[in-house]
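The values are calculated or read from the model by the stated rules, or taken from the named source; none is laboratory data. Small disclaimer: the values here were computed from a predicted structure and weren't measured. Positions of Cβ are backbone-derived with ideal geometry, glycine not excepted, and every protein chain shown enters the neighbour counts. Note: accessible area is taken over every heavy atom of the protein model, side chains too, but ligands, DNA and RNA are not part of it. Shrake-Rupley method; radii C 1.70, N 1.55, O 1.52, S 1.80 Å.
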Amino acid sequence: MSFQLPDLAYDYNALEPHIDARTMEIHHSKHHAAYTANFNKAVEGTPLEGKSAEEIFAGISAHPAAVRNNGGGFFNHNIFWSVIGPNGGGKPTGDLLEAINSAFGSFDEFKSQFSAAAATRFGSGWAWLVKQADGSLVVSSSPNQDNPLMDISDLKGTPLLTIDVWEHAYYLNYQNRRPDYIQAFWNVVNWEEVARRFK
Ligand code: MN
């Protein structure tokens, strides 16, 4: 059983004008496809074959860099595609909104902290909204393709929301203007999916 590149639940042009179709096509069909293929190659014939990505991440410090980088690349993009979509934006409701208000004081303050984490992640990486083991919510960021499920992560927990801030995620449309891409990202967040992950 190998890892499979998931189909998107929407068309490549569905997130325009916030994320352009060409970026989506290359990001999914080239970058994510390559991480998926290379993750499979990295685990084939090793004791990791047949394990879930989550199981592998729990002991990632003991595994080769190819497993960490491509496994993270495979898994992080799966989350990313699911937490964005057409008809996104706005704000969460119910238990998730209450948890965000409790952790950050307000939804706007959460957005501000998450945006800052995404903007200030040096080089390539991801920003995260994470549910920790005690149920509390925190914002973090990770370098490269690392994620909060990995044993090497400073801050561990269940990823609820993420943004890819590798240049390949935005450069065609936004060039060096990462903050503009982050601002546009809020218009495509699929809060229903984030709430589902929170539960
Ligand atoms: Mn990416």
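When you filter the trypsin sites (Lys or Arg not before Pro) in the stretch 21-109 for DSSP loop state and at most 16 other Cβ atoms inside 10 Å of their Cβ, you are left with LYS51.
For the chain, carbon and sulfur atoms together expose 48% of the accessible surface, with a 1.4 angstrom probe and every protein chain in place.
Structural descriptor for the chain: relative contact order 26 percent, calculated from alpha carbon pairs under 8 angstrom and at least 6 residues apart. Residues considered: ALA21, ALA133, ALA37. Largest GNM mean-square fluctuation over the chain, using C-alpha springs under 10 Å, is found at ALA133. A Förster radius of 30 Å, combined with the Cβ-Cβ distance separating ARG196 from ILE152, puts the computed FRET efficiency at roughly 0.65.
Summary of the geometry: the stretch 37-73 and the stretch 18-35, compared by the centres of their Cα atoms, lie 22 Å apart.
Surface exposure of the chain, expressed per residue as accessible area with a 1.4 Å probe, stands at 48 Å². For the stretch 26-38, the Karplus equation 6.51 cos²θ - 1.76 cosθ + 1.60, evaluated at θ = phi - 60°, returns couplings of 5, 4, 7, 7, 10, 5, 5, 4, 5, 4, 5, 4, 6 Hz by residue, with Gly and Pro reported as x. Counting lysine pairs in the chain that sit 8 or more residues apart in sequence, or on different chains, and whose Cα atoms lie under 25 Å apart gives 16.
Using θ = phi - 60° in the Karplus curve 6.51 cos²θ - 1.76 cosθ + 1.60, the 3J(HN,Hα) couplings for the stretch 99-116 round to 5, 5, 4, 5, 7, 10, x, 7, 5, 4, 5, 4, 4, 5, 5, 5, 4, 5 Hz; x is entered for Gly and Pro. 3J(HN,Hα) along the stretch 121-133, derived from phi through the Karplus expression 6.51 cos²θ - 1.76 cosθ + 1.60 where θ = phi - 60°, amounts to 5, 6, x, 9, x, 9, 10, 9, 9, 10, 9, 7, 4 Hz, with x in place of Gly and Pro.
Can you tally the net charge around ILE84? Count Lys and Arg as +1, Asp and Glu as -1, for every other residue whose Cβ sits under 10 Å from the Cβ of ILE84.
-2
Note on GLU16 and SER124: with the Förster distance fixed at 22 Å, the Cβ-Cβ geometry gives a FRET efficiency of about 0.40.
Projecting each Cα onto the charge dipole of the chain (Lys/Arg +1, Asp/Glu -1 at the beta carbon, about the Cα centre), which of HIS27, GLN175, PHE110 comes out farthest on the positive side? The one lying farthest along the dipole's positive direction is GLN175.
Please state the charge dipole magnitude for the stretch 93-199, taken about the Cα centre, from unit charges on C-beta atoms (+1 on K and R, -1 on D and E), reported in debye and rounded to the nearest 20.
Result for the stretch 93-199 is approximately 100 debye, rounded to the nearest 20.
Note on SER112 and ASP180: the model spin-label points, each 7 Å out from Cα along the C-beta direction, lie 2.4 nm apart. Estimated at 0.36 nm per residue, the fully extended path between ALA66 and LYS30 surpasses their Cα-Cα distance by 11.2 nm.
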